[in-house]
Every structure is written in structure tokens, then in C-alpha cells.
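*Asks:* Structure provided below as C-alpha cells; questions to follow.
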Amino acid sequence: MNPPEGNLIEVRGLRQTFGGQEILRGVDLDIPKGKTLVLLGQSGGGKSVFLRHLIGLLKPIAGSIRVEGEEIAGLDERELEPVRRKIGMLFQDGALFDSMTVFENIAFPLRERGLRDETVIRRKVAEALELVALSGQESKMPANLSGGMRKRAALARVIISEPSCILYDEPTAGLDPIVSDTINRLIRRLQSHLHVTSIVVTHDMISTNHIADRVALLRSGTIHFAGTLAELHGSPDPVIRDFIEGRSHEID
């Protein structure tokens, strides 16, 4: 079955539990092709858990996940490989190999998939580094990069495989406002240049306002809101207003 025109990923009734606690309680969400969807929610609310289901790092206890019409919830590791070639993920810490140079880190996915032509590898690495504004940093070790540069190097490793979708797990976490703005601009740049679909997990409204085409709010294990950025800001829902304005009612 093909997905409706415009959707890259469709999630229905997604449920997950850890240690007897229900984290996802029936998540329904559509991710449109070529757009940036920001998934908002409180820290520890299940956003990163949701993201990991989209590339099969976690298996749901119930529900459906369709990528370009293909059900992936029940696939094994071998069957997931073609899906993972379509979807790249930028982890919170970048997940670079500390023992490898920037060049070796970025070339790793190509070599892992059997590419042996060093001329092609060097060209592709150079192109990826240029897209993330890190040209000339090939010989550096991850330990010698700033936090923002590590994120950008990790992103170069993601895009070198030419995915149709990129998942970002808290891409600006731990970064100062200026570096965060660089990452936000880069997310937009990659969407424009590569025409990728982006799914960004964050609780940062500044980033959301900069990058989002659509927004979803995960609350209590379900999608409380899904719509455009304008619809989010125009909502009178007190839950949404509290989140946008950063207002707590726990301590008066």
C-alpha cells in the first residue's frame, strides 16, 4: 500500500513501555515529504524514544510505522538495512569515533557499504564537509573540535549517504545561542540543498520558530497537537500556551 501523496512516514497507534512505565501511549503522526517537522515535548517525555523507532533501534510493543508505504515495525536487522539507508540520524552527542580523524569518521559509512574507490570517497567527503562549512578540517581528531563542530562533522557523516530523511535528536542541546543558530541555519540549508525531510526533536522554542514547517507536541505519551507553526502560536490551548511561554504551575 502506498502512503498518501506527500507523506514520507506514517505512524499509527505506536506504544512503548520501559520498566512497566508506558512511555508512548498510541502515537499517531504523519511526516510530510520535504518538510521540517519539529517534535516538541518535555524532557523525558518520550521524544527521543519515538525517534529511535523510526529507524528500528527500538521495536514497538504495538502500532504501525510505515516508511514510503513499507511497514517497518516488524523488520529484522537485515531487512531494516535498506530503510536505514533512506533515514540518517544525528544523535545528541554526535557519536563520532574518537579514534578516527574527521575524514575517517565521515568516510566510514561509504566504506562500511563496500565503496573502495579512494578518489570517489575523498570527493564525497569534501562535498559533505563543504555543505556543513567544515572544509579543511579533515585531519583533526574529534577531541580537537568544539561542540558545534562535532555536531557538524557528525551531520556530514549522515548526509554522505544521501538519505531522504534526517532525524535530529536535540541538535542544539548543550550549545550556546550563537552555535545553536549555526546548527539551525544548517538544518534549513540542508533541507533546501538536498530536499530532505527533517524530523527535529527539541524543547527549544527558538529553534522551533527558526526551522519548523510543521510542529507536533508530544504530551503524556500521545500527540497533543500537530499543525503548522502559525497554528501552534495561534492556539488558545493552555497546555500549548504554557509550553510556548515556558510557564510552570508546579511551584507557585
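*Asks:* What aspartates and glutamates does K33 reach when the alpha-carbon gap must be under 16 Å and sequence neighbours fewer than 8 apart in one chain are set aside?
*Replies:* Qualifying aspartates and glutamates at Cα under 16 Å: E5, E10, E68, E70, E162, D213.
*Asks:* On a 0 to 90° scale, report how tilted helix 77-86 is relative to the longest principal axis of the chain, with both axes built from alpha carbons and the result rounded to the nearest 10.
*Replies:* So the inclination is approximately 90 degrees.
*Asks:* Next question, about the same structure. Say each of R219 and R185 gets a label point 7 Å from the Cα, pointing the same way as Cα to Cβ; how far apart are those two points in nm?
*Replies:* It is 3.4 nm.
*Asks:* So, with +1 on the Cβ of K and R and -1 on the Cβ of D and E, and no other charges, what is the size of the charge dipole of the range 1-126 about its Cα centre, to the nearest 20 debye? Provide the component values of the computation, followed by the final result.
*Replies:* Working: 19 positive and 18 negative charges, 44 e Å.
Charge dipole, the range 1-126, about its Cα centre: 220 debye, nearest 20.
*Asks:* Got a number for carbon plus sulfur as a percent of the range 12-67's accessible area, 1.4 Å probe? Spell out each step's value before the answer.
*Replies:* Details: 1060 of 2330 Å².
C and S atoms contribute 45 percent here.
*Asks:* Can you pull out the GluC sites (Glu not before Pro) in the range 9-112 whose DSSP state is coil and whose Cβ has at most 16 other Cβ atoms within 10 Å?
*Replies:* Numbers: sites: E10, E22, E68, E70, E71, E77, E79, E104, E112; in loops: E68.
Loop-located and lightly packed - E68.
*Asks:* Determine the calculated [θ] at 222 nm for the chain from helices alone, applying -39500 (n - 2.57) to every DSSP H run no shorter than 4 residues and normalising by the residue count; nearest 500 deg cm²/dmol. Mind dumping the intermediate values first?
*Replies:* Numbers: 9 runs with 94 residues, N = 252.
Theoretical 222 nm ellipticity from helices: -11000 deg cm²/dmol.
*Asks:* Please report, in debye to the nearest 20, how large the charge dipole of the chain is about its Cα centre when each Lys and Arg carries +1 at its beta carbon and each Asp and Glu carries -1 there.
*Replies:* Values: 31 positive and 34 negative charges, 99 e Å.
Charge dipole of the chain: 480 debye, to the nearest 20.
*Asks:* Any idea what angle helix 102-112 forms with the longest principal axis of the chain, computed on alpha-carbon atoms, 0 to 90 degrees, nearest 10?
*Replies:* 80 degrees
*Asks:* Exposed loop sites here are trypsin sites (Lys or Arg not before Pro) in DSSP loop states with at most 10 other C-beta atoms within 10 Å. What is the longest stretch of the chain lacking them?
*Replies:* On the way: sites that count: R113, R116, R247.
Excluding the exposed sites themselves, the longest stretch runs over 117-246.
*Asks:* Follow-up. Taking only protein heavy atoms into account and a 1.4 Å probe, give the accessible area per residue of the chain in Å². Numbers along the way, then the final one.
*Replies:* Details: 12230 Å² over 252 residues.
Here the residues of the chain average 49 Å² of exposed surface.
*Asks:* So which lysines pass the test for K59, namely a Cα distance under 23 Å, with those fewer than 8 places away in the same chain ruled out?
*Replies:* Answer for K59, where 23 Å is the Cα cut-off: K47, K86, listed by chain and number.
*Asks:* Would you work out which of A212, I106, Q21 lies farthest towards the positive end of the dipole of the chain? Charges go on Cβ: Lys and Arg +1, Asp and Glu -1.
*Replies:* Final value for the positive-end residue is I106.
*Asks:* If you consider only alpha-carbon coordinates, what radius of gyration and Dmax does the range 1-132 have, in Å?
*Replies:* Expressed in Å, the Cα Rg and Dmax of the range 1-132 come to 17.2, 52.
*Asks:* May I ask for the net charge around D181, where only other residues with Cβ less than 14 Å from the Cβ of D181 are counted and Lys, Arg are +1 while Asp, Glu are -1?
*Replies:* Net charge in that neighbourhood comes out at +3.
*Asks:* Within the accessible area of the range 76-206, what % is carbon and sulfur when the probe is 1.4 Å and the other protein chains stay in place? Working shown, then result.
*Replies:* Details: 3300 of 6280 Å².
Solvent-exposed carbon and sulfur of the range 76-206 make up 53 percent of the total.
*Asks:* Report the local net charge at E112: Lys and Arg +1, Asp and Glu -1, summed over other residues whose C-beta lies under 13 Å from its C-beta. Walk me through the intermediate numbers first.
*Replies:* Details: positive: R84, R85, R111, R113, R116, R157; negative: E81, E104.
So the environment of E112 carries a net charge of +4.
*Asks:* Starting from the 7 Å offset along Cα-to-Cβ, what nm value, one decimal, do you get for the label separation of N144 and E127?
*Replies:* Once both label points are built, they end up 2.7 nm from each other.
*Asks:* A further question on this structure: Name the residue, out of I55, I160, I206, whose mean-square fluctuation peaks in a Gaussian network model built on the chain with Cα pairs under 10 Å.
*Replies:* Answer for the Gaussian network model of the chain: I206.
*Asks:* Going by alpha carbons, how many degrees (0 to 90, nearest 10) lie between the helix axis of 177-194 and the longest principal axis of the chain?
*Replies:* For 177-194 against the chain, the angle is about 80 degrees.
*Asks:* Based on the Cβ-Cβ distance from E245 to E22, what FRET efficiency comes out when R0 is 25 Å, to the nearest 0.05? Walk me through the numbers on the way to the answer.
*Replies:* Numbers: r = 28 Å, r/R0 = 1.13.
The computed FRET efficiency comes out at 0.30.
*Asks:* So, one more: I'd like the distance separating the alpha-carbon centroids of the range 55-96 and the range 173-210, in whole Å.
*Replies:* 22 Å
*Asks:* Same structure again: Hey, got the dipole for the range 109-252? About the Cα centre, +1 on K and R Cβ, -1 on D and E Cβ, debye to the nearest 20? Display every interim value, and only then the final one.
*Replies:* Details: 18 positive and 19 negative charges, 150 e Å.
Dipole about the Cα centre, nearest 20: 720 debye.
*Asks:* Of S146, A156, L175, whose Cα points farthest to the positive end of the dipole of the range 132-176 (charges on the beta-carbon: +1 Lys, Arg; -1 Asp, Glu; origin at the Cα centre)?
*Replies:* Value: S146.
The values are calculated or read from the model by the stated rules, or taken from the named source; none is laboratory data. Please read these numbers as outputs of a predicted model, since none were measured by experiment. When we count neighbours, we look across all protein chains shown, and the Cβ atoms used for this are built from the backbone with ideal geometry, even at glycine. The protein model used for the area step is the full one, side chains on, heavy atoms only, and it has no ligands, DNA or RNA in it. Shrake-Rupley method; radii C 1.70, N 1.55, O 1.52, S 1.80 Å.
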